[in-house]
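Enquirer: Just passing along the structure, written as structure tokens.
The values are calculated or read from the model by the stated rules, or taken from the named source; none is laboratory data. Keep in mind that what you see is a predicted model, and the values were worked out from it rather than measured. Cβ coordinates were reconstructed from backbone atoms using ideal geometry, including for glycine residues, and neighbour counts include every protein chain displayed.
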Amino acid sequence: MSNATPITVVGNVTRDPEIKFTPSGVAVARLSIAATPRKFDKATNKWIDGETTFWACTAWRSLAEHVTESLRKGDRVIASGTVTTQRWTDKDSNEPRERMVLDLDDVGPSLLWADATVTRTGRRNAPAADGPWDNFGTPDAARPQTPTDDNPPF
């Protein structure tokens, strides 16, 4: 989406990410991130929590696989992506429903209160390159990846 507005959310994973595969074999992971703003109240000399916002998030392809292998409930993360609106009709009440979802472009652990060890993985179905960009200037997450068989990738 060329006109989509990217946002960054810092918060905690509220449940272990779940991975599924589309009929064509593309991995998709779902997770939720809770973001609670804090501010310092000079009058009381204390930190005050604001209202928590819960973000439903989706990750696709190799990012989905890395998310489910790396993140767990309670992990503090920094996630960036674009917001989309999902609309549907409720089966029971026949009422229209909608929710905002953060389609992740990237996500990783916050190192504010944690240590992390990065393990690089090989890129699937792609020629070797010197960085996260292929020879055509397309980021890995945006380049379609075709599964080689119907088995899960791990």
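Enquirer: Which members of the stretch 1-24 meet the condition of being closer than 14 Å to residue 59 by Cα and either assigned to a loop (DSSP other than H, G, I, E, B) or in contact with a helix residue (DSSP H, G or I) (Cβ under 6 Å, 6 or more places away or on another chain) (or both)?
Expert: Across the stretch 1-24, the qualifying residues are 16, 17, 19, 22.
Enquirer: Regarding the stretch 76-93, can at least one residue be identified that is within 19 Å of the chain's Cα centre (by Cα) and surrounded by fewer than 11 Cβ atoms within 10 Å (Cβ to Cβ)? So that I can check it myself, show each step before the final result.
Expert: Our first condition is that a residue be within 19 Å of the chain's Cα centre (by Cα); within the stretch 76-93, this holds for 76-86.
Subset that is surrounded by fewer than 11 Cβ atoms within 10 Å (Cβ to Cβ): 85.
The answer is yes; a qualifying residue exists.
Enquirer: Across the stretch 28-80, what is the total count of residues that are outside any helix (DSSP H, G or I), small (Gly, Ala, Ser) and more than 18 Å from residue 15 (Cβ to Cβ)?
Expert: Initial filter on the stretch 28-80 (outside any helix (DSSP H, G or I)): 28-60, 71-80.
Filter once more, keeping what is small (Gly, Ala, Ser): 29, 32, 34-35, 43, 50, 56, 59, 74, 79-80.
With the extra rule that they be more than 18 Å from residue 15 (Cβ to Cβ), the set shrinks to 43, 50, 80.
Number satisfying all stated conditions: 3.
Enquirer: Does the stretch 5-19 include one or more residues that are modelled with pLDDT under 95, over 30 Å from residue 122 (Cβ atoms) and not hydrophobic (A, V, I, L, M, F, W, C)?
Expert: Taking every residue of the stretch 5-19 in turn, at least one turns out to be modelled with pLDDT under 95, over 30 Å from residue 122 (Cβ atoms) and not hydrophobic (A, V, I, L, M, F, W, C).
Enquirer: Which members of the stretch 2-52 meet the condition of being out of contact with any Asp or Glu (no Cβ under 9 Å at 6 or more places or on another chain), over 16 Å from residue 107 (Cβ atoms) and either in contact (Cβ under 8 Å) with a residue 40 or more places away in the chain or surrounded by 16 or more Cβ atoms within 10 Å (Cβ to Cβ) (or both)?
Expert: Result: 5, 24, 26.
Enquirer: Let me ask something else about it. Give the stretch 100-129 a look and list any residue that's at pLDDT 50 or above, farther than 21 Å from residue 27 by Cβ and not in a strand (DSSP E or B), or say none.
Expert: Selection gives 110, 111, 112, 113, 114, 115, 116, 117.
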